[in-house]
Amino acid sequence: MKALYSVLFCVLLLACGENKEDNSIYLPESNGILNSISVVVDNQLWEGSVGENIRNIFAAPLNGLPVDEPIFIMRQIPPQVFDGFATRSRIVLKIEKGGTEATTKIANEVFSKPQTVAVVRGKTNQDIIAQLKQTKDKIIDAFNKEEVKERQRQINLSLLEDEAMENKLGFTINVPFGYRISKATEDFFWLRKNLDNSKTIELMIYEIPLETISKGDSTIVDFVKMRNGVTKTKIPGEDGIFMEVQGDYAPALFNTIIDNKPAYEVRGIWRMNGFTMAGPFITYLIEDKINNRYLVGDGYVYAPSLEKRDYVFELESIIKSITIK
């Protein structure tokens, strides 16, 4: 039975990889909490060096949080019980030891839909570990895209009416109901969502000229200067208090794509100058060459005593829904 199941898995994996549009095979709906990986791996491998490397890669601290929280949470499933309901996880990492060639394959809609499955295979433990290290960025990116799609699906069930903001800045964005627009000008919008008491998730949408941010070694310096200027002038506090990028925590800068356009992703920590408040921020600067601007989606969280990864992920999913008109 186990051999038959392995053959079926290989057939499905190849079919999904070669023809993603083939919907002739019925697949059940996937499930699972956001950013949770089902790791299908033998107990002995999980408890040894292979499992240690899996945890070091996929449960590494997420960039830009004040307290360490993992990129993903993980649930280990022995291969012999990976059947039925267990196969419906939305993101799956499957480790296979054996064969002659070390490979990593990523496929969609293998056991359920939507779903992303990464299969890492190696003849020895060292082969598997080498594959994990070589392809970790590709696997994490594939899993992240799947989870962003799921969060966006949830968001789209009930949306904020924000057409006035979209028309003024020439874009569309899907913001969930529960946010409110606290400030609106011709080129700056400030949205807020209350969590409880004074805890909030906040999102700024604005535009800056392309020449504001130089490409190269000074990109992050230009970004910090720009963001500090925006928060100081657009959302100042009382008695000269204002938000700024925390100077002793260097923001992390990444290149990405949003709406098929180059974009910068910046993750870091903000603080209040003159008051004891701080938290994580996530900013995307989307290059809009036609309009000679960066359209900026800039979100931040104030939630002391609460874990913040999921709130930052919500902001990421909202901003990644942007399309420029």
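Where a number appears in this text, it was derived from the coordinates with a stated rule and is not lab data. Just so we're clear, the structure is a prediction, and the values are computed from it rather than from any experiment. So basically every Cβ, Gly included, is an ideal-geometry build from the backbone, and we count neighbours across all protein chains shown.
What the table below lists for this structure:
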| item | result |
| --- | --- |
| Charge dipole of the stretch 163-324 about the Cα centre (unit charges at C-beta), most positive-ward option of Ile286, Asn228, Ser218 | Asn228 |
| Links that overshoot a 19 Å alpha carbon limit, given the list Lys193/Lys232; Lys149/Lys289; Lys183/Lys232; Lys113/Lys145; Lys193/Lys308; Lys234/Lys261 | Lys193/Lys232; Lys149/Lys289; Lys234/Lys261 |
| Equivalent ellipsoid, the chain (semi-axes from 5 times Cα gyration tensor eigenvalues, Å) | 40, 21, 19 |
| Set of aspartates and glutamates near Lys215 by C-alpha distance (under 19 Å), chain-local residues within fewer than 8 positions excluded | Glu207, Glu265, Glu287, Asp288 |
| Spherically averaged projected area of the stretch 111-233 from its Cα convex hull (nm²) | 12.7 nm² |
| Over the stretch 187-325, equivalent-ellipsoid semi-axes from the Cα gyration tensor in Å | 24, 17, 14 |
| With Cα atoms, 0 to 90° folded angle of helix 125-155 axis to the chain main axis | 50 degrees |
| Potential extension, Gln80-Asn260 segment - 0.36 nm per residue separation minus Cα distance | 60.6 nm |
| Cα-Cα separations in the stretch 2-155 greater than 27 Å, expressed as whole percent | 19 percent |
| Net length gained if the chain between Lys168 and Ala130 were fully extended (0.36 nm per residue, minus Cα distance) | 8.7 nm |
| Value of relative contact order over the chain, rounded to a whole percent, pairs C-alpha under 8 Å and six or more apart | 14 percent |
| Euclidean distance between Cα centres, the stretch 257-288 to the stretch 72-145, Å | 31 Å |
